[in-house]
Number of protein chains: 6
Amino acid sequence: MRLLVINPNTSASMTRTILAAARGVATADVIVDALEPQRGPTSVEGRFDEVISAYWTLDAVLPVASRYDGFIVACYGHHPVIGALREALQQPVLGIMEASILHALPLGDRFSIVTTSERWRPLLIEGVRVLGLQDRCASVRSSGLAVLDLEALPAEVVRERLCAAACEAIATDGAEVICLGCAGMAGLDTAVRQVARVPVIDGVTAAVVILTGLVRTAAATSKQALYQPIAKRSIVGLPRGITTAYAATSER
Amino acid sequence: MRLLVINPNTSASMTRTILAAARGVATADVIVDALEPQRGPTSVEGRFDEVISAYWTLDAVLPVASRYDGFIVACYGHHPVIGALREALQQPVLGIMEASILHALPLGDRFSIVTTSERWRPLLIEGVRVLGLQDRCASVRSSGLAVLDLEALPAEVVRERLCAAACEAIATDGAEVICLGCAGMAGLDTAVRQVARVPVIDGVTAAVVILTGLVRTAAATSKQALYQPIAKRSIVGLPRGITTAYAATSER
Amino acid sequence: MRLLVINPNTSASMTRTILAAARGVATADVIVDALEPQRGPTSVEGRFDEVISAYWTLDAVLPVASRYDGFIVACYGHHPVIGALREALQQPVLGIMEASILHALPLGDRFSIVTTSERWRPLLIEGVRVLGLQDRCASVRSSGLAVLDLEALPAEVVRERLCAAACEAIATDGAEVICLGCAGMAGLDTAVRQVARVPVIDGVTAAVVILTGLVRTAAATSKQALYQPIAKRSIVGLPRGITTAYAATSER
Amino acid sequence: MRLLVINPNTSASMTRTILAAARGVATADVIVDALEPQRGPTSVEGRFDEVISAYWTLDAVLPVASRYDGFIVACYGHHPVIGALREALQQPVLGIMEASILHALPLGDRFSIVTTSERWRPLLIEGVRVLGLQDRCASVRSSGLAVLDLEALPAEVVRERLCAAACEAIATDGAEVICLGCAGMAGLDTAVRQVARVPVIDGVTAAVVILTGLVRTAAATSKQALYQPIAKRSIVGLPRGITTAYAATSER
Amino acid sequence: MRLLVINPNTSASMTRTILAAARGVATADVIVDALEPQRGPTSVEGRFDEVISAYWTLDAVLPVASRYDGFIVACYGHHPVIGALREALQQPVLGIMEASILHALPLGDRFSIVTTSERWRPLLIEGVRVLGLQDRCASVRSSGLAVLDLEALPAEVVRERLCAAACEAIATDGAEVICLGCAGMAGLDTAVRQVARVPVIDGVTAAVVILTGLVRTAAATSKQALYQPIAKRSIVGLPRGITTAYAATSER
Amino acid sequence: MRLLVINPNTSASMTRTILAAARGVATADVIVDALEPQRGPTSVEGRFDEVISAYWTLDAVLPVASRYDGFIVACYGHHPVIGALREALQQPVLGIMEASILHALPLGDRFSIVTTSERWRPLLIEGVRVLGLQDRCASVRSSGLAVLDLEALPAEVVRERLCAAACEAIATDGAEVICLGCAGMAGLDTAVRQVARVPVIDGVTAAVVILTGLVRTAAATSKQALYQPIAKRSIVGLPRGITTAYAATSER
């Protein structure tokens, strides 16, 4: 089984971090690769970034997609490339926000998401509503950290900030499980768990094991209703990867 | 006051149709222009198309954005370019799905959307849920028409199909107001109203008058929480329009 | 186009204030009149007042209704006269609570209402629920001001109280747009906007521009389902205006 | 214990029917009276009627209110006089729609309301939403009968129509309990129960026993938040009953 | 009329307290008995206890069930024995959580539950959601008291703790009515009411009067859908009471 | 890794079927055992059965629980033993209804459950509501088959009935993914998938792969809030397994 972890920003160092986390949890029979787009923003922090990121991510992924059995979109949120890939491909596609919540649900009644800056709070609140999972969500809390702080600040400081936000979610909002709300937090789940004393879910980890399960049971994206294949259309002036995808669907 | 109607697909003839509809309802003091992206699909029919369309639409709109007081995204649905433009700009941005529902709400308790093909139903159901307006939505019904059918089929056939779907929404689902769920239906509202005998809302028309009102009252997009300005980032290899937007935001 | 602004309490001075605000935003081709009922309470502050107010408002409005193209009910809340007028008339009828929310929705993800006394909080929370818009409502906050305080206290004090409540809604509840929750706050939106630095919506202003748009597009209240015309009935001992309405409907 | 059944329309014959039903279920220690307003429509069939009906009902009830321990508003729906009375009085006030649903909830998971004409469907759907009980409501179904048909048509025909609607609600909508959705259906519950073979609730009956229980346990309307007492105000030209109420509240 | 109050834990002293409270509110024509299971935990404080408690409660109740016209399950929460008894019996079955909420709804817009330890909060939040009544629930608040504290601590301390939690629910959460969230709080409603100055509902009291009303109107549990009779099955090794129930249903 | 599949009814043959299905999907490093309780009903078809089944299932599972890393409750629905085990144990516990929905969510926007008899429909509708996943549930449909029919009827007939219900869910309710709503349907997913042409999820299969992933990532049930450990209590007359559990918790 081959899985592709997609980092939709252009930071190759973040791709490496995520890939290491993914490979750490993958079983021996699962090959995990990763890629990032060649163009676009170095981090994704809003709707605008998402569009730019989605475009070049599609261009990067589609030419190699047939080599993989499933895909992980390693951006915490309701990134538009998830839906686009589900239309373009048959193989299952999983976002790490969705994956972390799916793992959290059986472990407690209500989960909270601990994310980076305040900027992400409304995006994630809307994202949980789109998934229809708001009844189980106790809160979305910001740690006050920027994405880049996760690598730039001393590890101790990062841990303290995440733990503080997690503990507040538990004490004030009634959270029973904490989802770490950023791909860049991979590997920090253990540290937060020791302080918060509740299950702490890392989205990349959750995505790898859930996707492994989906592939093992031959699950495919439904082509009924929302994720129907892309209709053939005349297109002009698009890069090779995207063009291929439009052409490929013409044969369905 | 200058408004820009944005057709996010590459069909210039559809741009002309929409522009004519928009100008037909605009008052004398409102100048309405329109544009479409130079690259991308000729129609938008799913998540994949939306990403491609959003990318090139941003590239086309941003260089000219400062000339306009408000923007209409003339694609019926929760198109990602709406949120991206709201981040990038201060002026109000209105999608035609949202506009048609805002116009429908004071006219009756529950509205239905009559759209083109079955393919759009789940997209619009999800779109209404994202807007948080599902409690007032009686149903989303397909007319069985493809987008291109709207221009290709005899006008009589198109009218009959739309009227049939509208009447079913009224009789079976309890709809009190009908929203026409496609930019290409501009101008068909009168015909459907005569048969269905309830208010029938065309999204382009609704968007022009609502946006005129927003601009007249100096309304601007909130820069708090969801639509914060784009953060400055190092980007590589993006087209001129998009690059400008990233640079512009650096000065905020 | 002629619009009628209805102040459902008996305070003629408040009618004048509201009318001035309405005329200030109306375009040259829109004639705006206003009236208040001759009997009833001087302010509307609960369900009981609403019934008394609605009764005499109907009696005052119906005899002159045929002269107008649309109606604004200038009481912030789910006032029962709104539904009664929608049944009695074909022309569109807009409440200022509804109008302010419709204007707020495209400007941000979540709005808060800043109202006068604590007494109004539960009424407005219920009102938002009836409109089915609770998913977009961050909070309803009281400024601690009585309706009469708006005119009696020094302007500076009023502004400070409203700004304080607005800022709390933004910081604590995640509000991105503020709706001023009282007809008597007309004209205070600019001052609050300067402090709160988010869009601030005055309901009278919003109602004028939305209603202008509805009338321009020939929108009418749906007579399907909720707002069907009043059935002819034998009635006894009612004032002239109301009696006329019952009689008029007999001809439909 | 003395209870007052309030028929908010001017039909004295309907008052007698309702009173008989109420007395039929009241225990020996409960005195039940009834009244109707002297002015207003002979039946209540919409928002307009509700306002007129509420006004004269308040005027009729308030002068005698101190003689009673509790009140039943015998109009099936979210009649505005319910809220107005709750503000004006300390004693508990119960609408028959609310009462029938409260009785239905412990008897099955989901209830349906079988009402008279199609005209009432949207009113009752909105009413259930205001009560916040929509999750337990399987459907609101019309029997196609006018209110007056209940007395005018042969009893057999009336029964057949109600049973047909009830059986459809059970078979198609999953209803487990049927609420009869009109005060004029008092006494028909037994007949429908025999055919439908599920619990069938008459609102007047339910209201009498629930209100008896509330009074027995010394329950009073909460004066916190929504139903605060009426504030003293200068009023002009209102009938005696209503005037008294405004004056009375000044002493609180 | 004979009612059975079921204390599903094995504490006979708590049964006596509850029975006294129930008899205190029952009218002269209502005979109230009580029982508790012979085996199981002395208090019910979670899902595990509920299963053990439900099993032995069924065994205790079923052999005597035919002597009673209705049943009260005197454990505050969504105890599984409620549903099991509704399947096994025709007579109405009422839980005290449900009863207290049904009594609270007509007295104010939103209620809060004041319970014992933090341990019960998530159980009651889930319970309210299962009942579909979450839109009317302002909050669930813990008093910090253990169930046994209710009897062990000085009455004054208990009162103070409950009043503090109730007042916080009113001031912070907008509660208009307080439901006492534990069977062991029977008799404390008056004391809390004096301090909180809103209606305070004791579940046992509410259950007795509501059940009396249901029985008086010949209400029965719906056998449609959720509470269909138990299907005949071969069973092995179960205690006498439960065995009888399986056998009894075979004759339906 | 050792997983225990718990069949909560007393049918050993059904245990064997389920175990075979579970082992069929488990990877080489996962040991799967199964057991059923020695007492109780041969099938679980309602709230009453659930209580009896839960009791003896706890007694059977608890003595051997420490040997396993995770547990699957192989009864499709919101069985009370799931919550009880989550309190009693640290290891993750997964019901097959929950597991099938978790697997369905990433594969399409809305799922439907195809179950056995009409009897299960309201139970599953309530179960989905308790999980807070109702916004993604298109419908619950009955195949009209009894649980025993799954083994007794010719395989062809069973397949046809399931396929018919699945196709109706897709065509009428908008389902994009089908969840097979009975443990006894294990192995039928492939046949239904071929006809329905959408993803079809078997709950046992889904549970094995999800639980494997949870165990691999060292996930544990949250002991915060809902699933706190069982409090030590004096108990009388309970079977050995249950008694042990009460005692064990005393040491926490």
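Per residue of D:204-212, how many C-beta atoms from partner chains lie within 10 Å of its own C-beta, taken as a mean?
Mean shielding by partner chains, rounded to a whole number: 4.
Near the amide H of A:Gly40, under 5 Å away, which other amide H atoms are found, from residues 5 or more places off or on another chain, if H is placed in the peptide plane?
B:Val236
Can you give the mean number of other chain Cβ atoms that lie within 10 Å of the Cβ atoms in peptide C:231-238?
Mean partner shielding for this stretch: 6.
Can you list the HN-Hα couplings for region B:110-117, worked out from phi with the Karplus curve (6.51, -1.76, 1.60; θ = phi - 60°), rounded to whole Hz and with x for Gly and Pro?
Ordered by residue, 3J(HN,Hα) equals 9, 10, 10, 9, 10, 10, 7, 7 Hz.
At F:Glu151, with labels set 7 Å past Cα in the Cβ direction, how many nm apart are the copies from this one, shortest first?
From this label point to the equivalent ones elsewhere in the assembly: 4.7, 5.9, 6.4, 6.4, 8.2 nm.
Please give the per residue accessible area of chain F, computed with a probe of 1.4 Å over protein heavy atoms only, in Å².
On a per-residue basis, 31 Å².
Lys/Arg Cβ at +1, Asp/Glu Cβ at -1, dipole of region A:149-252 taken about the Cα centre: which of A:Leu162, A:Gly203, A:Leu150 is farthest positive-ward?
Farthest along the dipole direction, towards plus: A:Gly203.
Pick from B:Leu58, B:Leu153, B:Leu145: which residue has the top mean-square fluctuation in a GNM of chain B where Cα pairs under 10 Å get a spring?
B:Leu153
Just to compare against my own numbers: the Cα pair-distance distribution for region E:94-233, 10 Å bins, whole % per bin, please.
Calculated over all Cα pairs of region E:94-233, the distribution is 12, 41, 30, 12, 4, 0 percent.
So how do F:162-175, B:166-179 stack up, highest first, on mean other-Cβ count within 10 Å?
B:166-179, F:162-175
Could you compute the net charge surrounding E:Pro106? Neighbours are other residues with a C-beta less than 10 Å from the C-beta of E:Pro106; K and R count +1, D and E count -1.
Net of charged neighbours comes to 0.
Pick from B:Gly46, B:Gly132, B:Gly70 the residue whose mean-square fluctuation is largest in a GNM of chain B, springs joining Cα atoms under 10 Å.
Greatest mean-square fluctuation among the candidates belongs to B:Gly132.
Sort C:229-236, B:104-111 by packing, meaning the average of other beta carbons within 10 Å per residue, with the highest value first.
B:104-111, C:229-236
Note the angle between two axes, namely the Cα long axis of helix A:240-249 and the longest principal axis of the Cα atoms of chain A, as a number of degrees from 0 to 90, rounded to the nearest 10.
Relative to chain A, helix A:240-249 is tipped by roughly 70 degrees.
If you take the charge dipole of chain B about its Cα centre, with +1 on Lys and Arg Cβ and -1 on Asp and Glu Cβ, which of B:Trp120, B:Tyr76, B:Tyr55 is farthest toward its positive end?
Farthest along the dipole direction, towards plus: B:Tyr55.
Of all the C-alpha pairs in region B:1-140, what % are more than 21 Å from each other?
More than 21 Å apart: 42 percent of the Cα pairs in region B:1-140.
In nm, to one decimal, how far is the modelled label at D:Gln90 from the one at E:Arg16, with both set 7 Å along Cα→Cβ?
Inter-label distance under the simple model: 3.7 nm.
Compare E:Ala28, E:Ala65, E:Ala206 in a GNM of chain E, Cα atoms joined below 10 Å, and give the one with the largest fluctuation.
Of E:Ala28, E:Ala65, E:Ala206, the most mobile in the Gaussian network model is E:Ala28.
All other residues with a Cβ under 15 Å from the Cβ of F:Val5 taken together, and with Lys, Arg as +1 and Asp, Glu as -1, what is their net charge?
With Lys, Arg at +1 and Asp, Glu at -1, the neighbours total -1.
Restricting things to alpha carbons, tell me how big the protein assembly as shown is in terms of Rg and Dmax, in Å.
Cα radius of gyration and Dmax of the protein assembly as shown are 31.7, 88 Å respectively.
Once you keep just the Cα pairs under 8 angstrom separated by 6 or more residues, what percentage relative contact order results for chain D?
Taking the mean separation of contacting Cα pairs over the length of chain D, I get 22 percent.
What is the angle, in °, between the Cα long axis of helix F:155-173 and the longest principal axis of the Cα atoms in chain F? Nearest 10 is fine, range 0 to 90.
So the inclination is approximately 80 degrees.
Relative contact order of region A:1-150: what whole-number percent is it, with Cα pairs under 8 angstrom and at least 6 residues apart?
Across region A:1-150, relative contact order equals 20 percent.
Which whole number of Å³ per residue matches the convex hull of the alpha-carbon atoms in chain F?
121 Å³
Under unit Cβ charges (Lys, Arg +1; Asp, Glu -1), what dipole magnitude, rounded to 20 debye, does region E:14-111 have relative to its Cα centre?
100 debye
Going Cα to Cα from F:Lys223, which lysines come in below 27 Å? Please leave out same-chain ones fewer than 8 positions away.
Output for F:Lys223: F:Lys232.
Between beta-carbons, use under 14 Å as the cut-off and find the net charge around E:Gly203, counting Lys and Arg +1, Asp and Glu -1.
In short, -3.
Count the DSSP beta bridges whose two residues both fall in the protein assembly as shown, then state the antiparallel fraction as a percent rounded to the nearest 5.
10 percent
Let me see the P(r) profile for region E:136-216: every Cα-Cα distance counted, bins of 10 Å, each bin given as a percent of all pairs.
Taking every Cα pair in region E:136-216, the percentages come to 18, 49, 26, 6.
Would you mind working out the magnitude of the charge dipole of region C:167-252 relative to its Cα centre, with +1 at each Lys and Arg C-beta and -1 at each Asp and Glu C-beta, to the nearest 20 Debye?
Using Cβ point charges on Lys, Arg, Asp and Glu, region C:167-252 gives about 640 debye.
Starting from one equal scatterer on each C-alpha and no solvent at all, send me the Debye-based log10 I(q)/I(0) for region D:68-122 at q = 0.12, 0.13, 0.18, 0.25 Å⁻¹, two decimals.
Taken in order of the listed q values, log10 I(q)/I(0) reads -0.34, -0.40, -0.70, -1.02.
Placing unit charges on C-beta atoms (Lys and Arg positive, Asp and Glu negative, everything else neutral), compute the dipole magnitude of chain A about its Cα centre in debye, rounded to 20.
640 debye
If you fit an axis through the alpha-carbon atoms of helix B:12-25 and take the longest principal axis of the Cα set of chain B, what angle between them do you get, 0 to 90°, nearest 10?
That works out to roughly 80 degrees.
Between B:Ala152 and E:Val236, with labels modelled 7 Å along Cα→Cβ, what's the label distance in nm to one decimal, could you check?
6.7 nm
The values are calculated or read from the model by the stated rules, or taken from the named source; none is laboratory data. Just so it is clear, the model here is predicted, and its values are computed rather than measured. Virtual Cβ from ideal backbone geometry, glycine too; neighbours counted across all protein chains shown. Just so you know, the surface numbers come from the protein's heavy atoms only, side chains and all, with ligands and any DNA or RNA stripped out. Shrake-Rupley method; radii C 1.70, N 1.55, O 1.52, S 1.80 Å.
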